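I have placed the structure first, in the form of structure tokens, so that the comments after it can refer back to it.
The values are calculated or read from the model by the stated rules, or taken from the named source; none is laboratory data. Since the structure is predicted, the reported quantities are computational estimates derived from the model, not experimental observations. These accessible areas exclude ligands, DNA and RNA; they are computed on the full protein's heavy atoms, side chains included. Shrake-Rupley method; radii C 1.70, N 1.55, O 1.52, S 1.80 Å.
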Amino acid sequence: MKNTTRRTTGRALALLAGAAVTALALTACSSGGGASSGGGSGKVDGSITLQTWALTPTYTDYLNGVIKGFEKEHPGAEVKLQDQPGDGYADKVLSQASSNSLPDVINLPPDIALPLAKRGYLQDVSKDDSKLASTYVAGALDSYKYKGMTGTYGYPWYLNTDVDYWNKSMFDKCGLDADNPPKTTDDLFTQAKTMHDKCPDDYLMSRKPGLGDFTLAGVKVLNSDGTKFTFADSSKAADLIDRYKTAYQDGYMPSNVLNSDYLGNSTLFTQQKVAWTTGGATALSDMIKNNPSLKGNVVVSPALDTPPLYVQGLSVSSKSKHLATAEAFAQYMTNAKNQEAFAHLVNIFPSTTSSQSDPYFSKDDGTVNGKARVLANEALKEAKVLNPVQANSAMTDFLDQQIALAMKGQVSAKQALETAQTKMNTLLANS
């Protein structure tokens, strides 16, 4: 899987947990953080179904522990667990909704939740939970609020973000200071030129821009009601592509960045062919595993500009026969204690604001991995979803192709953006 900067989606985050390698099993987290009051106007009892995404069998013990704790607090309630495989999950959920078999509590990232919320299948959980804003990280909660709609359509469950990794020896060799790596996109271009001037065969940059970069550049990517893409209407977007085009044609990044055989900046960084990549707080462990010579040779810093936010959540079916129970369970599963226990098992972060002071996430243990975890935890206070959830993979793939043509000089940046916007708006209107 190619690992390009700032393009992790909700789907990738769901699979992150399922693919993580850990032998730990949770046995004591199920007591939670106090009794859940529940939502709706009904009693917290009856049988509901929780659907997760690619989390079993690795985390079956954890999930069953949370369920057991909830059932202990609410003796009249029963929670049945069902897990769906990673592939085809969005189609599966839409099929469940259309056949009136949507589970009561569903593991949904914001992009998959959106079409369900639009069609009235998901409960506006803000109706019954006045403590949402004080409980969850603002950016995570905002990701379940959609343009053109009122309400909040999911409880944030677990989060991730990126930090930046820099190759110290390449910095030292090419006239850069690894203790002062780029902090902004402007810095990145400046230092990429320095590296190229000193070391023509080495590279700092190795990626194309995307929708998230337009957001960072102050471009209005989507209109106010979420029905049309508007990025091509801004000269800032074309200016950004032209800036990348110049950097590419001046040799600041590998020529194969625009080719179909491009391996991704994480792979090139691991191979020590480029000096920068982004990744989660534990990405360095995998890099060193694949290339032990990186050990002691990597510096970590916060993500450039505004850090990206990747979100998974639990939504509640508006058709649930036991709405109060479903909302109470979603609150319980996403409370601070249960989230922290999960985040100690998986390489993710809790969405609860109180968890940010947990020493596991907030205290630097003196290692690069420890520093990365602290930086990521701090970043979550201001991280934002940079790619609008309305943009699916077919849309972003087409945009990516057009940007590549512009960077090669085959079309103008303006033409590439207009072509992409027209196509993406057609896809959006038909979605």
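Around the amide H of Asp45, modelled in the peptide plane, lie the amide H atoms of Thr325, all under 5 Å away and 5 or more residues distant in sequence or on another chain. Pairs of Lys residues in the range 66-197, spaced 8 or more positions apart or belonging to different chains, with C-alpha separations under 23 angstrom: 17 in total.
Dividing the summed helix terms, -39500 (n - 2.57) for each DSSP H run of n ≥ 4, by the number of residues in the chain produces a 222 nm estimate of -12000 deg cm²/dmol to the nearest 500.
When the Gaussian network model of the chain links Cα atoms closer than 10 Å, the mean-square fluctuations of Ser355, Ser126, Ser315 top out at Ser126.
Relative contact order of the chain: what whole-number percent is it, with Cα pairs under 8 angstrom and at least 6 residues apart?
Values: 810 pairs, mean separation 115.0, N = 431.
Worked out over the chain, it gives 27 percent.
So for the chain: antiparallel DSSP bridges make up what percent, rounded to the nearest 5? Mind showing how you got there, number by number?
Working: 23 of 35 bridges.
Rounded to the nearest five, the antiparallel share is 65 percent.
Springs join every pair of Cα atoms under 10 Å in this Gaussian network model of the chain, and among Thr56, Thr419, Thr150 the largest mean-square fluctuation is at Thr150.
Probe radius 1.4 Å, ligands and nucleic acids ignored: give me the carbon and sulfur share of the accessible area of the chain as a rounded percent. Don't skip to the end; give the middle numbers.
Numbers: 8760 of 18150 Å².
Whole-percent figure for carbon plus sulfur exposure: 48.
Amide H to amide H, with H built 1.01 Å from N, Val274 comes under 5 Å of Phe269, counting only residues 5 or more places away or on other chains. Largest GNM mean-square fluctuation across Ser47, Ser143, Ser266, computed for the chain with C-alpha springs under 10 Å, falls on Ser47.
Altogether, the Stokes-Einstein calculation at 4 °C and 1.567 mPa s, with the Kirkwood radius of the range 268-421 over Cα pairs as Rh, returns a diffusion coefficient of 68 µm²/s.
Our Cα-only numbers for the chain put the radius of gyration and Dmax at 22.3, 70 Å. In order along the range 224-232, the phi-based Karplus estimate (6.51 cos²θ - 1.76 cosθ + 1.60, θ = phi - 60°) of 3J(HN,Hα) comes to 5, 9, x, 9, 8, 7, 10, 4, 6 Hz; Gly and Pro are listed as x.
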